[in-house]
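The structure under discussion appears below in the form of structure tokens.
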Amino acid sequence: MRDISDGCAPVSHASDLIETDILAYLEQHERKEILRFLTCGSVDDGKSTLIGRLLHDSRMIYEDQLEAIRQDSRTIGTQRGGVDLALLVDGLQAEREQGITIDVAYRYFSTARRKFIIADTPGHEQYTRNMVTGASTCDVAIILIDANNGVLPQTRRHSYIAQLLGIRHLIVAVNKMDDVSYEEPVFDAIRDEYFAFASKLPVDDLDFIPLSALLGDNVVEQSANMPWYQGATLMHLLETIPVAAVRDTERLRLPVQYVNRPDADFRGYCGSIVGGVARPGDVVTVLPSGRTSTIDRVVTADGDVEEAFPPMAVTLTLKDAVDVSRGDVVAGAGQLPHTADRLDATVVWMAEEPLALGKPYVIKHGARKVTGQIDAVRYHTDINTLAREPASTLALNEIGRCAFTLAEPLVFDAYANNRDLGALILIDRISNATVGAAMIHSPGGSTSGDAWEEVPHGDLHASPSRVTPNELQTRLGQRPVTVLFTGLAKAGKTAIARAVERRLFDQGQLATVFDGQSFRLGISRDLGFSARDRSENMRRAAEAARLVNEAGLICLTAFVVPQESVRERARGTIGEDRFLEVFVTAPLDVLKERDEDGLYAAAERGEAPNVPGVTAPFEEPDGADLVLHTDELGLEESADQVVALLRERGFIF
Amino acid sequence: MRAPDQRPCLEGVLAAGYTLTHLKQLEAESIHIIREVVAEFERPVMLYSIGKDSSVLLHLAKKAFFPGPLPFPLLHVDTTWKFRAMIEFRDRIAREQDLDLIVHTNQQGVVDNVTPFTYGSKKYTDIMKTQALLAALDEHGFDAAFGGARRDEEKSRAKERVYSVRDGGHRWDPKNQRPELWRLYNGNINRGEEVRVFPLSNWTELDVWQYVYLEGIEIVPLYFAAERPVVERDGTLIMVDDERMELEAGEEPQLRSVRFRTLGCYPLSGAIESDASTLPEVIQEMLIARHSERQGRLIDYDATGSMEQKKREGYF
């Protein structure tokens, strides 16, 4: 929970400045950010009332609108006697008569700090598609809970959909506190129940607020009715939640929308930056061709800029005459997105007619349209229980994990890393309707899905060993562990692993080394170097390492493993408590100098498509247990540090 | 009207690192939409109403294709009853900025003497605006038409899409609009269908005014207060813009300091009394006045939900 004792005023109303000093007011209102948030809940939860309250209390309601709803409140309002603020936001005639909201409505209000765009979506199960639509552009979601009812299936549904669409900040608003006499235990019980459920969701930030939208408690003004609540008001949270931090400023991405060639002298590539920062002089790779060039100018109508970042709409010119057309992606060299014609993605189905496997759909992704099909639904997620169930299709409002095959490759990132380059929509070729939306996880494997997630066939059980881990530890003088040395080719992974193996042996311990080469000689001789095959190679290594660990040995594994998700899966296979990650790294220039077998040179000539760091992405690990900069450290120093880590973590004594 | 010299220019970057101001974010979003339409459609056009929103839209479109020229024409549906100052402004802007401007008038309506005075606002608007617009779209085969409508203008527009698909008869079916996710707009249509595109969807009235102010966008002088001849009819101030305005018994045009919050056909546009002659003063009045924007536009008053009805018929 946030503390509001930072001295900030809870909200800036249409201030007195309007009347006294309009120029000062305008200046104050020039430098605002935008926050887009989603409100999830049903009419019964008081959602429309809450939005009406935000608009009303931030003085965004004009008097004539208020007069109109005063009149309407008498005829169709649901609040006995009083003004029904919900009527401010219920739009189309038909739904006003039905008394429910049936679509995504966008509302606007602003304070001196921020302009807010509310995506207002209904909460019923059959409106999953609307919530998904609304959530797709939002940074924050407000989950409304009726204090009378507590956590309901719809609460779980809303939270799941919000996190599925990449919203990392949830505000849980426990509404109608006035109905429960503003009692703290009611609020605490709901909060505890919600926490128990939400711990399964990857949400970065979670705030709880007890409020009454009807009476305004803790919406804009701190409530005198709930002195036990010391946290921020809803408006204060909305004004202060950080929004900029969620955007990726590391990996440059610009999907080319339009090639601007007004005359023979100018050839500009127009598009919106969806990741990273573009600067003149930056080396970039154009995908899918893989040709590299250098940014010459970053052109805007207000003059060239030195830096362009999300979500700026700019025009790039390049120093070389490379062929670039609409749909191509300009990416920072060395930090490339995936290029693949198979995808593993979570699909939300939005049409009455169910998903048809094998049927060609138009897929719009970035600035590109390709034809593609869904080969298989790997599982369907029940949005009320979050249970995964087998499925052969998806009906309206159903969500499932699907394997795609495309007629041409797409250039994409995982949705978790880049919402713009990780999302796509499916369009029916006959009706032209948008029938589905998908969030990409990774390049797809075979149509049966990848082996990491496959459930073993039949009724299989490993027989228990008659030697206990304690007996092994006593005999060998070590606790088993798997160390994953990850990093680009030529970083020094295998050499360090071998040095550590020797060092441990000399101390009386036992370790073994797995590396890419030795695996590909045998166990993985059927695999290539695509992202999918690299993933499968690591899966086999992880399974084998687990067996080696069970035998009491220390396993030193040296693999590139360019994807964070694959490293995470390896960690899961081996076990959190006996897995260490060592990131072995050096600048790309240094690696190229060590490149005796010409791997990097071939990649730069465009001849080797799957070289991480040059022609394929490498996701640097965030939380490595140890980072070794091999341009600065020698082999023995590196080995020292690994041995020290093993000792420090209690694997050797 | 240029804003005063002390006008600050629009700086986009906020101190807190890589963050754009709200106006720069809105600008970027609009430019993204405009580029997407030009890339995906065969014959786009911009519906140019000469109002402040149209002026902002035109400004954004020029930015989108800088340093190139605008890659589509502008279409103005001239009812012949626009304020004279609007027509002068339109022709001068088109000339100075070298724009490809198409002006379309329902000539049969002119021959039949369809005027706001002879037919009443509903029928007149249908014949001289809606029907004229649809005929012009058909005549030129436009498959995408940019408009300056915003979602905050009226409650029924809160759910309007950025891409609003119209069938072969230009009709809008509220039940058959496409979900819009992320920035992935579905522009797939069949022959004969068209899409109305609203790049200003997420702008509010205050955003538009601030942007006009900060970017120094020229707008029709009628937005600023000046002494103008007006008569009061049914509680609304109507400007006597030319000799075609027939005065009723007892009506005597009076010179009053007035301005207009929205511009259209002069007999249908109510003026408000005002002394606001600069942009900051206009914005100040807008913020203080507790009257929503479309109140000056008489065509909304016909029936509850009339805007929704007009959308179905093909007018915005």
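The values are calculated or read from the model by the stated rules, or taken from the named source; none is laboratory data. All values derive from a computational prediction rather than experimental measurement. No Cβ is skipped: glycine too gets one built from the backbone with ideal geometry, and neighbour counts run over all protein chains shown. Heads up: the accessible areas ignore ligands, DNA and RNA and are worked out on the full protein's heavy atoms, side chains in. Shrake-Rupley method; radii C 1.70, N 1.55, O 1.52, S 1.80 Å.
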Treating the Cα atoms of region B:88-175 as identical point scatterers in vacuum, please give the log10 of the normalised Debye intensity I(q)/I(0) at q = 0.14 Å⁻¹, two decimals. -0.73
Can you tell me which lysines have their Cα less than 19 Å from the Cα of B:Lys159? Leave out same-chain residues fewer than eight positions away. A:Lys47, A:Lys115, B:Lys175, B:Lys310, B:Lys311
Just to verify a number: FRET efficiency for A:Val259 and A:Asp625, C-beta to C-beta distance, R0 = 35 Å, to 0.05? 0.15
With a Förster distance of 51 angstrom and the Cβ-Cβ distance between A:Asn149 and A:Asp341, calculated FRET efficiency to the nearest 0.05 equals 0.60
Full extension from A:Glu543 to A:Arg647: what is 0.36 nm times the residue separation minus their Cα-Cα distance, to one decimal in nm? 35.0 nm
Report the charge-dipole magnitude of chain B in Debye, nearest 20, computed about the Cα centre from +1 at each Lys and Arg Cβ and -1 at each Asp and Glu Cβ. 840
Can you give the Kirkwood hydrodynamic radius of chain B from its Cα pairs, in Å with one decimal? 20.5
Ratio to report: Rg/Rh of region B:169-210, with Cα atoms as the point set and Rh obtained by the Kirkwood method; give two decimals. 1.05
Over both sides of the A-B contact, add up the buried accessible area with a 1.4 Å probe and give it to the nearest 100 Å². 7100
Using a Cα-Cα cut-off of under 19 Å, which lysines could be cross-linked to B:Lys52, ignoring same-chain neighbours fewer than 8 residues away? B:Lys24, B:Lys62, B:Lys63, B:Lys82, B:Lys129
Would you tally the net charge around A:Gly366, using a Cβ to Cβ cut-off of less than 12 Å, leaving A:Gly366 out, and scoring K and R as +1, D and E as -1? +3
If you take the charge dipole of the protein assembly as shown about its Cα centre, with +1 on Lys and Arg Cβ and -1 on Asp and Glu Cβ, which of A:Thr20, B:Phe41, A:Ala278 is farthest toward its positive end? B:Phe41
Starting at the first residue of region A:173-190, write each ³J(HN,Hα) from the Karplus equation 6.51 cos²θ - 1.76 cosθ + 1.60 with θ = phi - 60°, in whole Hz, x for Gly and Pro. 9, 8, 8, 6, 4, 4, 5, 10, 6, 6, 7, 4, x, 4, 4, 4, 5, 5
Principal axis box of region A:307-380, alpha-carbon based, largest edge first, Å: 47, 23, 21
For the pair A:Asp506 and B:Leu255, the simple spin-label estimate (label points 7 Å beyond Cα toward Cβ) gives in nm 10.3
Provide the solvent-accessible area of A:Asp296, counting protein heavy atoms only and rolling a 1.4 Å probe, rounded to the nearest 10 Å². 70
To the nearest Å, what is the center-to-center distance of region A:369-430 and region A:243-299, using C-alpha atoms only? 28
Under 5 Å, built H, 5+ apart or other chain: amide partners of A:Val284: A:Ser293, A:Thr294, A:Ile295, A:Ala333
Sorted on mean Cβ neighbours within 10 Å (highest first), peptides B:101-110, B:37-46 come out as B:37-46, B:101-110
Starting from the Cα-Cα distance between B:Glu96 and B:Asp138, subtract it from 0.36 nm times their residue separation and give me the gain in nm to one decimal. 12.3 nm
So for region A:203-361, taking the charge dipole from beta-carbon charges (+1 Lys/Arg, -1 Asp/Glu), which of A:Ala301, A:Leu237, A:Leu336 sits furthest toward the positive end? A:Leu336
What figure, in Å² to the nearest 10, do you get for the accessible area of A:Tyr258 with a 1.4 Å probe and non-protein molecules left out? 50
Cross-link partners of A:Lys592 among lysines (Cα-Cα below 29 Å; sequence separation of 8 or more within a chain): A:Lys319, A:Lys490, A:Lys493
Based on the alpha-carbon gyration tensor of region A:503-554, what equivalent-ellipsoid semi-axes (square roots of 5 times the eigenvalues) come out, in whole Å, largest first? 25, 12, 8
With a 1.4 angstrom probe the carbon and sulfur portion of accessible area for chain A, in percent, totals 49
Roughly how many Å² of B:Ile93 are accessible to a 1.4 Å probe, to the nearest 10? 10
Multiply the residue separation of A:Leu357 and A:Leu23 by 0.36 nm, subtract the distance between their alpha-carbon atoms, and state the gained length in nm to one decimal. 114.2 nm
For region B:129-238, take the convex hull of the Cα atoms, compute a quarter of its surface area, and give me that in nm², please. 10.4
For region B:214-296, the Cα gyration tensor yields equivalent-ellipsoid semi-axes (√(5λ), largest first, whole Å) of 24, 13, 11
Taking every C-alpha to C-alpha distance in the protein assembly as shown and binning by 20 Å from 0, the per-bin percentages run 12, 40, 34, 11, 2, 0
Surface/4 of the Cα convex hull for region A:454-587, nm²: 9.3
What's the percent breakdown of Cα-Cα distances in region A:340-389 across 5 Å bins, shortest bin first? 4, 15, 24, 27, 15, 10, 4, 0
Could you put B:Lys62, A:Lys364 in order of accessible surface area, largest first, with the 1.4 Å probe and the full protein assembly present? B:Lys62, A:Lys364
Per Stokes-Einstein, at 37 °C and 0.692 mPa s, what whole-number D in µm² s⁻¹ belongs to region A:496-653, with the Kirkwood radius over Cα pairs as the hydrodynamic radius? 197
Nothing charged except the Cβ atoms of Lys and Arg (+1) and of Asp and Glu (-1): what's the magnitude of the dipole of chain A about its Cα centre? Round to the nearest 20 debye. 1680
Just the ratio, please: alpha-carbon radius of gyration of region A:535-595 over 2.2 N^0.38 Å, N its number of residues. 1.27
Could you work out the helix-only [θ] at 222 nm for chain B, with each DSSP H run of four or more residues adding -39,500 (n - 2.57) and the total divided by the number of residues, to the nearest 500 deg cm²/dmol? -9000 deg cm²/dmol
Please compute the Kirkwood hydrodynamic radius of region A:122-258 from all pairs of different C-alpha atoms, in Å with one decimal. 16.1
